[in-house]
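For reference, the structure is listed below as structure tokens.
The values are calculated or read from the model by the stated rules, or taken from the named source; none is laboratory data. Just so it is clear, the model here is predicted, and its values are computed rather than measured. As a convention, Cβ positions derive from the backbone with ideal geometry for all residues, glycine included, and neighbour counts pool all protein chains shown. For the accessible areas, the whole protein counts, side chains as well, though only heavy atoms, and no ligand, DNA or RNA atoms are used. Shrake-Rupley method; radii C 1.70, N 1.55, O 1.52, S 1.80 Å.
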Amino acid sequence: MNGPGERGVKILGILGGMGPAATTAFMARVQALTPAARDEDHLRMLVDLNPHVPNRHTQPEAAGETLGEMAVRLREAGAQVLAMPCNTAHAHAEAIRAAGLPFIDMIGATVEAVGKTGATRIGVLATPGGEALYADALAKAGLQLVRLEGADREAFMTAVFAVKAGDDGEGPRGEMRRLAAALVSAGAGAVIAGCTEVPLLLRAGEVSVPLADSAEVLAAACVERCR
């Protein structure tokens with residue numbers, strides 16, 4: 001196994017568990033996107049899959065403290081670059097950066113990716129916290145946010161929590177397709193999958209406009225940064 005810095009390859013530390021299925025899917029994406037002809041060509045990943053991070057919506061201070069502690073532990077274990085496949089938890093990016101390692105900005109990278117589609121009105125499928133982060137990042141990029149409205153906001157969270165409970169069947173899948181279509185009907189020229197549970201339910205071919213998958217964007221950024 002390659003040691004730290006061997007052939008310029010850096011060790012990736014992943015702050016995960018928010019939720020567990022999204023984290024393991026993200027790790028598979030990193031592996032799939034890594035150009036490799038043998039085991040040794042893949043990235044070494046140190047993963048703290050911690051489903052006990054305090055609720056990012058109702059306990060933000062405790063969540064930030066826990067994420068900061070996770071970042072320090074990953075650094076002490078040998079990680080050289082940090083990433084976190086959870087959009088909402090990026091509200092605590094500064095607590096993670098305090099560990100002193102480079103931290104890949106999932107929100108910024110996804111907005112940069114969606115900007116390349118040429119669309120100026122961007123639909124966002126995200127939790128309220130994640131949506132707020134994207135609203136700020138899109139505004140700074142000169143792009144307009146298209147939000148889910150009314151009961152669709154609660155319907156989105158219901159679908160996300162279904163996945164967290166192990167249900168990725170046709171019910172939540174159909175609902176996520178409907179919600180993406182609602183954003184397109186509201187004028188979105190592209191859609192951001194701004195919650196890492198979304199791509200577990202929704203594929204790019206099921207949306208009539210470009211879909212920027214934040215988990216895919218982050219995985220690609222990890223491969224580029226660590227190699």
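Out of Ala135, Ala151, Ala91, Ala98, one residue alone is out of contact with any helix residue (DSSP H, G or I) (no Cβ under 7 Å at 6 or more places or on another chain), modelled with pLDDT of 95 or more, open to solvent by 20 Å² or more (accessible area, probe 1.4 Å) and under 27 Å from Gly64 (Cα atoms). It is Ala135. Here Glu149 passes the criteria (1) among the charged types (D, E, K, R); (2) outside any helix (DSSP H, G or I); (3) in contact with a strand residue (DSSP E or B) (Cβ under 9 Å, 6 or more places away or on another chain) except the one numbered (3). All of (1) hydrophobic (A, V, I, L, M, F, W, C); (2) in a helix (DSSP H, G or I); (3) modelled with pLDDT under 95 hold for Met27 with one exception: (3). Considering every residue within the stretch 119-132, establish whether at least one is more than 14 Å from the chain's Cα centre (by Cα) and buried (at least 22 other Cβ atoms within 10 Å of the Cβ). Yes. Among the residues making up the stretch 105-132, a single one is assigned to a helix (DSSP H, G or I) and touching a Cys at 6+ places or on another chain (Cβ under 7 Å): Gly130. Picking from residues in the stretch 33-86 that are touching a residue at least 60 places away in the same chain (Cβ under 8 Å) and in a helix (DSSP H, G or I), the one that is least open to solvent (accessible area, probe 1.4 Å) is Leu74.
Scanning the stretch 158-172 for residues that are open to solvent by less than 60 Å² (accessible area, probe 1.4 Å) and either of a type in the set (S, T, N, Q) or part of a helix (DSSP H, G or I) (or both) gives Ala159, Val160, Ala162, Val163, Gly171, Pro172.
Residues are listed down the side, and each one gets a yes or a no for (1) assigned to a loop (DSSP other than H, G, I, E, B); (2) within 18 Å of Lys164 (Cα to Cα); (3) open to solvent by less than 40 Å² (accessible area, probe 1.4 Å); (4) among the polar types (S, T, N, Q):
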| site | (1), (2), (3), (4) |
| --- | --- |
| Ala180 | no, no, yes, no |
| Ala188 | yes, no, yes, no |
| Ile192 | no, no, yes, no |
| Cys195 | yes, yes, yes, no |
| Gly205 | no, no, no, no |
| Ser208 | yes, no, no, yes |
| Ala220 | no, no, no, no |
| Arg225 | no, no, no, no |
